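**Q** Here's a structure for you.
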Amino acid sequence: MSSLAGKRVLLVISGGIAAYKTLELIRRVRERGGEVRCVLTQGGAQFVTPLSLAALSEDKVYSDLFSLTDESEMGHIRLSRDADLVVVAPASADILAKMTHGRADDLATTALLATDKTVLVAPAMNLRMWDHPATQDNLATLKGRGVLSVGPNEGDMACGEYGFGRMAEPAEILAAIEEYFGAGAPLAGRRALVTSGPTFEAIDPVRFIGNRSSGRQGHAIAQALARLGARTTLVSGPTALPDPAGVETLRVESARDMLAACQAALPSDVAVCAAAVSDWRAKETHGQKMKKNGAAPPGLALTLNPDILAQISAAGNARPRLVVGFAAETEKVIEHAQAKLAKKGCDWILANDVSQGSGTFGGDNNTIHLIDSQGVESWPRMTKDEVAAKLAARIAETLAETPESTKP
Ligand code: CTP
């Protein structure tokens, strides 16, 4: 699996001759499975063209704060949030100063001020500008706020002088990005398990009991946890979705297969049960296709399936530190979900309304109420990807209070 599979890098390119090296950086990040979205400052555009960046990143290049199209396609706030790491390369003396002072006078600085993600800067400037106490103080302030930096290196400069100020090489910046995702990401060193999709319970070789779950919410959660650095296993029932990048995906059919796969992959950190597990299965399955043969329709005797969430919650020493379930309800959503929290023994329940007309099952959006022993927190209606990102961030905050997993 590529080291950056599924990771999204927002790359800010500010003014400097080193901007040409950024093209190589984009290529290398993408080679390792990462996605790159570029924000080009006016200064940066003097050195590289949006066309080169768009061709290499295979994405639109963002540059204009007040462009109607940029804003309607992707607001600057979303631009800064829909990334796992923000990289500024080259980082000019000017952009470091603006970041230090919280200036937001173009798209790049606005995104940098609005982001809630880690920022990695690769400074590049003339050696005197680099040596100047203003630049050194700015960088020290930024580092104090958690900004990471790589370089600059010593060497010949484009201006003919020799000294510190050359931007780190693309390979070094790439190594810093990989190190961040390996060790610095909020869920680095953590292990996560997610269940997703429906289960199919065979009646005979061609018929089954199933449900309308698309798996979108569970898959999005697995992707979001992996993007925050967690080593994530997704156990999925039958869905039409592709396997999320950077996630180990195990495909199963029935509830019993899903339980077995989960038990074999139980992590010590977090399990999120988002699958719509069939509550029942046929008591008896037929080895051959059942024939009509003019007979009356057969009765279908059912038996209860194992409750995967309840079993994970009751796993004793093997229980993940945090167990999260969903409650799909069509009425009295919060009341029923609170009862489910107690019954299943999990730590959080994300309750959602799946009544007809809510558009949740199979749809893009979800309205969530996060329920724990302390109370209820209702989230605004948002996309399933946004729910996933918010949940992953919340999981990271909660696990940050506990030591890292020691499990192999
Ligand atoms: N769940 C599970 N195994 C089951 C049934 C449910 O792991 N056999 C999990 C789901 O993944 C979800 C939670 O339990 O996280 C609640 O699922 P839901 O269908 O809302 O509840 P049920 O337990 O099926 O209860 P009911 O059908 O009575 O509402």
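**Q** Could you run the Debye sum over the Cα atoms of segment 191-406, one equal point scatterer each and no solvent, and tell me log10 of I(q)/I(0) at q = 0.08, 0.09, 0.18 Å⁻¹, two decimals?
**A** Log10 I(q)/I(0), no solvent term: -0.28, -0.36, -1.33.
**Q** For His286, His101, His132, give the ranking by accessible area with the largest first, probe 1.4 Å.
**A** His101, His132, His286
**Q** Helix 333-344: angle to the longest alpha-carbon principal axis of the chain, degrees 0 to 90, nearest 10?
**A** For 333-344 against the chain, the angle is about 80 degrees.
**Q** Give me the percent relative contact order of the chain, please, defined on Cα pairs under 8 angstrom at least 6 residues apart.
**A** 12 percent
**Q** Which order do the peptides 231-240, 51-60 take when ranked by the mean count of other beta-carbon atoms within 10 Å per residue, highest first?
**A** Going by the mean number of other Cβ atoms within 10 Å, highest first, we get 231-240, 51-60.
**Q** Count the DSSP beta bridges whose two residues both fall in the chain, then state the antiparallel fraction as a percent rounded to the nearest 5.
**A** DSSP beta bridges in the chain are roughly 30 percent antiparallel.
**Q** Also, I was wondering about something else. Would you grab the residues whose amide H sits under 5 Å from the one on Thr195? Only those 5+ places off in sequence or on another chain, please, with H modelled 1.01 Å from N.
**A** Val235, Val272, Cys273, Ala274, Ala275
**Q** Next question, about the same structure. Which of the residue pairs Lys7/Lys117; Lys143/Lys384; Lys343/Lys384; Lys117/Lys340 have a Cα-Cα distance greater than 24 Å in the structure shown?
**A** With Cα atoms farther than 24 Å apart: Lys143/Lys384; Lys343/Lys384; Lys117/Lys340.
**Q** From the C-alpha coordinates alone, can you work out the Kirkwood hydrodynamic radius of segment 270-332, in Å?
**A** 15.1 Å
**Q** Can you give the angle from 0 to 90° between the axis of helix 255-264 and the longest principal axis of the chain, with both taken from C-alpha atoms, to the nearest 10?
**A** 50 degrees
**Q** With N residues in the chain, what two-decimal value do you get for its Cα radius of gyration over 2.2 N^0.38 Å?
**A** 1.16
**Q** In terms of modelled amide H atoms, which long-range or inter-chain residues lie less than 5 Å from the amide H of His286?
**A** Those lying under 5 Å, H to H, from His286 are Asp204.
**Q** Where a ≥ b ≥ c are the square roots of the eigenvalues of the C-alpha gyration tensor, would you call segment 263-387 rounded, which needs a/c under 1.5, or, failing that, prolate if a/b is larger than b/c, or oblate?
**A** Oblate, since a/c reaches 1.5 and b/c is not below a/b.
**Q** Within the accessible area of segment 8-180, what % is carbon and sulfur when the probe is 1.4 Å and the other protein chains stay in place?
**A** 52 percent
**Q** Could you name the aspartates and glutamates whose alpha carbon sits less than 17 Å from that of Lys344, not counting residues in the same chain fewer than 8 places away?
**A** Straight-distance partners of Lys344: Asp279, Asp307, Glu329, Glu335, Asp372.
**Q** With every protein chain left in place, what is the accessible area of Cys159 in Å² (1.4 Å probe, nearest 10)?
**A** Solvent-accessible area, nearest 10 Å²: 80 Å².
**Q** Please give the net charge around Asn153, taking every other residue with its beta carbon less than 11 angstrom from that of Asn153, where Lys and Arg add +1 and Asp and Glu add -1.
**A** With Lys, Arg at +1 and Asp, Glu at -1, the neighbours total -3.
**Q** Same structure again: Identify the trypsin sites (Lys or Arg not before Pro) of segment 129-209 meeting these criteria: DSSP loop state and at most 11 other C-beta atoms within 10 Å of the C-beta.
**A** Arg145
**Q** Show which lysines lie in cross-link reach of Lys291 when reach means a straight Cα distance below 28 angstrom and same-chain residues fewer than eight apart are skipped.
**A** Reachable lysines: Lys283.
**Q** In deg cm²/dmol, rounded to 500, what helix-only [θ] at 222 nm does the chain give when every DSSP H run of at least 4 residues adds -39500 (n - 2.57) and the total is split over its residues?
**A** Taken over the chain, the calculation gives -9500 deg cm²/dmol.
**Q** Give me the net charge of Arg231's neighbourhood, meaning all other residues with Cβ under 10 Å from the Cβ of Arg231; Lys, Arg count +1, Asp, Glu -1.
**A** Here the count lands on 0.
**Q** Magnitude of the Cβ-charge dipole of the chain, K/R +1 and D/E -1, about the Cα centre, nearest 20 debye?
**A** Result for the chain is approximately 1320 debye, rounded to the nearest 20.
**Q** To continue, here is another question. Over all Cα pairs of segment 8-180, how is the pair count split among 5 Å bins, expressed in % and running from 0 up to the last occupied bin?
**A** All Cα pairs, binned at 5 Å, distribute as 2, 9, 19, 24, 23, 14, 7, 2, 0, 0 percent.
The values are calculated or read from the model by the stated rules, or taken from the named source; none is laboratory data. Everything numeric in this text was worked out from a predicted model, so none of it was measured. Cβ coordinates were reconstructed from backbone atoms using ideal geometry, including for glycine residues, and neighbour counts include every protein chain displayed. Each accessible area value is taken on the protein alone, full model and side chains, heavy atoms only, with ligands, DNA and RNA left out. Shrake-Rupley method; radii C 1.70, N 1.55, O 1.52, S 1.80 Å.
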